[in-house]
Amino acid sequence: MSDVGASGYGRALPPDYDTDPGRFDANVRATDEFSRVGDLHPLVAEQLATLGPGGVLDLGGGTGRLARLLGERQIWTVVVDAARHVSQAPPPRVLGDAGRLPFADGSFDAVAALWMLYHLERPGRALREAHRVLRPGGTFVACTSSRTNDPELAGVLPDWGRRTTFDAEEAVEVISQAFHVTQVISWDQPFVTLPDREAAELFLRGRGMSEREAHRRAARLDTPMSVTKRGVLVWARRRSRPIGKG
Ligand SMILES: C[S@@+](CC[C@H](N)C(=O)[O-])C[C@H]1O[C@@H](n2cnc3c(N)ncnc32)[C@H](O)[C@@H]1O
């Protein structure tokens with residue numbers, strides 16, 4: 001399988017979870033407070049529970065949002081994450097790299113990679129590892145944003161429209177190289193309402209800006225405003241044949 005990103009097409013989003021933990025907190029708070037639909041974790045946990053998996057690996061599982069929901073459904077989940085905030089996830093948790101997993105072949109019934117593959121220069125490496133540690137026929141699920149996510153903010157988001165190493169425009173194609181895609185859920189809806197400038201500031205902070213920059217740019221926006229969320233959730237199954245290094 002070829003490595004998207006390795007060929008220099010998309011750009012990996014630099015992870016800032018250790019250097020600027022307040023940025024991710026702002027992102028989570030903005031979604032919780034201003035999104036009509038919230039995040040995808042409950043939906044993913046629900047669907048994984050219906051599959052009845054014995055063990056789930058959550059790649060880039062962060063602070064354990066998915067793992068907590070799966071735990072409530074008695075599903076054993078291991079979180080692997082490269083940032084120190086993994087210590088907030090429920091155990092078992094591993095501080096490690098999604099591209100080099102410390103697990104034996106076929107150890108898991110399902111692997112999730114929610115909002116994380118765009119941080120990798122070579123998402124193909126992590127996908128190969130996910131494939132290796134999944135049992136044959138096991139479930140893989142990943143989600144990501146479109147490069148044209150939040151179009152109403154195009155004028156204030158510096159990298160708006162830029163291709164990443166794993167965006168909604170290419171997610172199905174990339175995952176198809178390693179897995180058999182079974183379901184694709186896409187969205188393009190005004191899910192977020194920012195009632196005032198303070199809300200816009202929090203939202204921009206969550207989208208990667210310093211507090212100061214978020215404050216400055218929020219002043220350029222007309223609030224209240226709706227923000228259109230664009231992205232994709234992809235469900236897949238592990239193929240039986242091994243993946244070549246490509
Ligand atoms: C946007 S957060 C998503 C966290 C979690 N999946 C969620 O949905 O709440 C992306 C996560 O990917 C992690 N990450 C980035 N690069 C990684 C890598 N090479 N290996 C493992 N985790 C990584 C970050 O540390 C961060 O916790």
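The values are calculated or read from the model by the stated rules, or taken from the named source; none is laboratory data. Here the structure is a predicted model, which is why all the values come from computation and not from measurement. Virtual Cβ from ideal backbone geometry, glycine too; neighbours counted across all protein chains shown. Surface accessibility is based on the protein's heavy atoms, side chains included, excluding ligands, DNA and RNA. Shrake-Rupley method; radii C 1.70, N 1.55, O 1.52, S 1.80 Å.
Computed in the context of the full set of protein chains, the accessible area of the stretch 115-218 at 1.4 Å probe radius has 47% of its extent on carbon or sulfur. Between helix 123-133 and the chain there is an angle of about 40 degrees, using the helix long axis and the longest principal axis of the Cα atoms. Once the 1.4 Å probe is applied to the protein heavy atoms, the stretch 21-237 comes out at 44 Å² accessible per residue.
Using C-alpha pairs below 8 Å separated by at least 6 residues, the relative contact order for the stretch 21-237 is 21 percent.
Between Val172 and His215, the modelled labels are 4.5 nm apart [label points 7 Å from Cα along Cα→Cβ].
Charge dipole of the stretch 21-237 (Cα centre as origin; +1 on each Lys and Arg Cβ, -1 on each Asp and Glu Cβ, all else neutral): 380 debye, rounded to the nearest 20. The Cβ shell under 14 Å around Thr228 holds other residues with a net charge of +2, Lys and Arg each +1, Asp and Glu each -1. Between Asp188 and Asp159, the contour length at 0.36 nm per residue exceeds the alpha carbon distance by 8.5 nm. By the helix-only formula, in which each DSSP H run with n ≥ 4 contributes -39500 (n - 2.57) and the sum is divided by residues, the chain has a 222 nm mean residue ellipticity of -8000 deg cm²/dmol. Tell me, how many Å apart are the Cα centres for the stretch 36-73 and for the stretch 159-199? If we compute the Cα centre of each part, the gap is 18 Å.
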